[in-house]
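What follows is calculated from the coordinates using simple rules that are stated; it is not laboratory data. Not measured: the values here are computed from a predicted model. Backbone-built Cβ (ideal geometry, glycine too); neighbour counts: all protein chains shown.
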Amino acid sequence: MADDILLELRQVNKVYGQLVKYQALFDITMKVPRGQFLALIGPSGSGKSTLLNIVGALDRPTSGEVFIQGVNLASLDDDELARFRNQFLGFIFQFHYLLPEFNALENVLIPSWIATRRKPGKEIIERAYFLLKRVGLEKEVYKKISLLSGGQQQRVAIARALLNSPTLILADEPTGALDTKTGDQVLELLAEIRKESGTTMIMVTHNRDVALRADRIIELIDGQLCKEVYPQRIGKEEAEKILEDHACNIENVNTL
Ligand SMILES: Nc1ncnc2c1ncn2[C@@H]1O[C@H](COP(=O)(O)OP(=O)(O)OP(=O)(O)O)[C@@H](O)[C@H]1O
Ligand SMILES: [Mg+2]
């Protein structure tokens, strides 16, 4: 049987602006199988965040289609999209957008509370505790966010993203605002949790070492898919060679 495809993009284009137009993505066509850890790399301005936002239904493409679990996102209205996001997706951003006046537990619970317009029940509160414990914040559960360190805050954001057991985790430079050591710890944790649950993850990263830990690396250049590498299949060294090469290696995007 063919791989179970979780996400599919078909000729996705994104043009920003009304008067002055800027095309950030060109004909992006790709499939992501369930369970894959995909690292998205590329220079600043190459369209990584734009792509992630479209996959995460935070933004709509100008043309083309996005399917998640066979659902065409274009067929959903804004309310349905919000529900879809809450049910299937977990977001982790560079800046975690936590609420500084609330404690860690509240920060894990509030987004889902808002999205579902329902007060969290016992089960979901227990899951929030479990996740905070899992990310090593057992003692910080009731601490205000503003009193936590950067790495601790990012771990709260990870727990928040995992609350609804997302099918797809989308992470946009989740350690970009952390020092190397703390960043590595956070990534290690994320990789472990992902393995435990078999969750599909797409992570934008500038960090070559992080990308090399992924199942698959895709490089964007000027809004187009340029390279595709499977580091676990071909080995780190070979993967690095391809990444350092200037030529793109994607010839037929339709097979991606
Ligand atoms: N809202 C917007 N309006 C106009 N242009 C935009 C908008 N958002 C992004 N762009 C442009 O689209 C291009 C792609 O931006 P994007 O944020 O996706 O890049 P990126 O690869 O994530 O870069 P970085 O690594 O710096 O985060 C850039 O040239 C950017 O200036
Ligand atoms: Mg970006």
For this session: Starting from the coordinates of the alpha-carbon atoms of region 177-256, obtain the Kirkwood hydrodynamic radius over all distinct pairs and give the value in Å to one decimal.
Result: 13.9 Å
For this session: Note down the nm distance, to one decimal, between modelled labels 7 Å out along Cα→Cβ at residue 110 and at residue 69.
Result: 2.7 nm
Exercise. For region 92-140, what is the Kirkwood estimate of the hydrodynamic radius, computed as the reciprocal of the mean inverse distance between distinct Cα atoms, to one decimal in Å?
Worked result: 11.5 Å
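Just from its helices, what would the mean residue ellipticity at 222 nm be for the chain, if runs of 4 or more DSSP H residues each count -39500 (n - 2.57) and the sum is divided by every residue, rounded to the nearest 500 deg cm²/dmol?
Working: 9 runs with 94 residues, N = 256.
The helix contribution divided over the chain gives -11000 deg cm²/dmol.
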Problem set entry | region 102-181: radius of gyration and largest Cα-Cα distance (Dmax), Å | 12.5, 38
For this session: Could you tell me the distance between the Cα centroids of region 94-141 and region 187-256, to the nearest Å?
Result: 31 Å
Seminar exercise, completed: HN-Hα couplings for region 157-168 via Karplus (6.51, -1.76, 1.60; θ = phi - 60°), in whole Hz with x for Gly/Pro, come out as 5, 5, 4, 4, 5, 8, 3, 8, 6, x, 7, 9
Exercise. So if R0 is 35 Å, what FRET efficiency would residue 117 and residue 191 give, r being the distance between their Cβ atoms, rounded to the nearest 0.05?
Worked result: 0.55
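Would you work out the charge dipole size for the chain about its Cα centre, treating the Cβ of every Lys and Arg as +1 and the Cβ of every Asp and Glu as -1, and quote it to the nearest 20 debye? All intermediate terms of the calculation are to be shown ahead of the outcome.
On the way: 31 positive and 34 negative charges, 176 e Å.
Once rounded to the nearest 20, the dipole reads 840 debye.
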For this session: Normalising by the residue count of the chain, find the relative contact order in percent from Cα pairs under 8 Å and 6+ residues apart.
Result: 26 percent
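So which of 119/139; 14/119; 31/195; 133/241; 21/241 end up more than 28 Å apart by C-alpha?
Details: 119/139 24 Å; 14/119 37 Å; 31/195 20 Å; 133/241 40 Å; 21/241 36 Å.
Going by Cα-Cα distance, 14/119; 133/241; 21/241 fall outside the 28 Å limit.
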Seminar exercise, completed: Long-range amide H partners of residue 5, meaning residues 5 or more apart or on another chain whose placed amide H is closer than 5 Å, are 34
For this session: Subtract the Cα-Cα distance of residue 138 and residue 15 from 0.36 nm times their separation in residues, and report this length gain in nm to one decimal.
Result: 39.8 nm
Exercise. Once amide H atoms are placed 1.01 Å from N in the peptide plane, what residues at a sequence separation of 5 or more from residue 169, or on another chain, have their amide H within under 5 Å of its amide H?
Worked result: 90, 200, 201, 202
Exercise. At what distance in nm do the modelled label points of residue 180 and residue 60 sit from each other, each positioned 7 Å from its Cα along Cα→Cβ?
Worked result: 4.5 nm
Problem set entry | Hydrodynamic radius (Kirkwood) for region 32-112, which is based on Cα pairs only, to one decimal in Å | 14.8 Å
Problem set entry | Antiparallel %, DSSP beta bridges [both residues in the chain], to 5 | 55 percent
Problem set entry | Dipole of the chain [Lys/Arg +1, Asp/Glu -1 at C-beta], most positive-end residue of 46, 229, 5 | 5
Problem set entry | residue 236-residue 149 pseudo-label distance in nm [points 7 Å out on the Cα-to-Cβ vector] | 2.5 nm
For this session: Would you mind working out the magnitude of the charge dipole of region 186-234 relative to its Cα centre, with +1 at each Lys and Arg C-beta and -1 at each Asp and Glu C-beta, to the nearest 20 Debye?
Result: 120 debye
For this session: Can you tell me the relative contact order of region 93-209? Whole percent, Cα pairs under 8 Å, sequence separation 6 or more.
Result: 31 percent
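Over region 16-79, what number does the Rg to Rh ratio reach, with both radii from the alpha-carbon atoms and Rh per Kirkwood? Don't skip to the answer; put the middle values down first.
Values: Rg = 12.9 Å, Rh = 13.4 Å.
Here the Rg-to-Rh quotient is 0.97.
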For this session: For region 77-94, just list the computed ³J(HN,Hα) in residue order, Karplus coefficients 6.51, -1.76 and 1.60, θ = phi - 60°, integers in Hz, with x standing in for Gly and Pro.
Result: 7, 4, 5, 5, 4, 4, 5, 4, 4, 5, 7, 10, 10, x, 9, 10, 9, 4
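Quote to one decimal, in nm, the extra length available between residue 248 and residue 77 on full extension: 0.36 nm per residue of separation minus the C-alpha distance between them. Display every interim value, and only then the final one.
Details: separation 171, 0.36 × 171 = 61.56 nm, distance 3.70 nm.
My answer for the length gained is 57.9 nm.
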Exercise. Taking the alpha carbon gyration tensor of the chain, what are the square roots of 5 times its eigenvalues, largest first, to the nearest whole Å?
Worked result: 30, 22, 17
Seminar exercise, completed: Share of Cα-Cα pairs in region 152-204 beyond 15 Å, whole percent, is 41 percent
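Would you please report the Å³ per residue occupied by the convex hull of the alpha carbon atoms in region 117-235?
On the way: hull volume 17.3 nm³, N = 119.
For region 117-235, the hull spanned by Cα atoms encloses 145 Å³ per residue.
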Exercise. Counting only DSSP beta bridges with both residues in region 118-256, what percent are antiparallel, rounded to the nearest 5?
Worked result: 50 percent
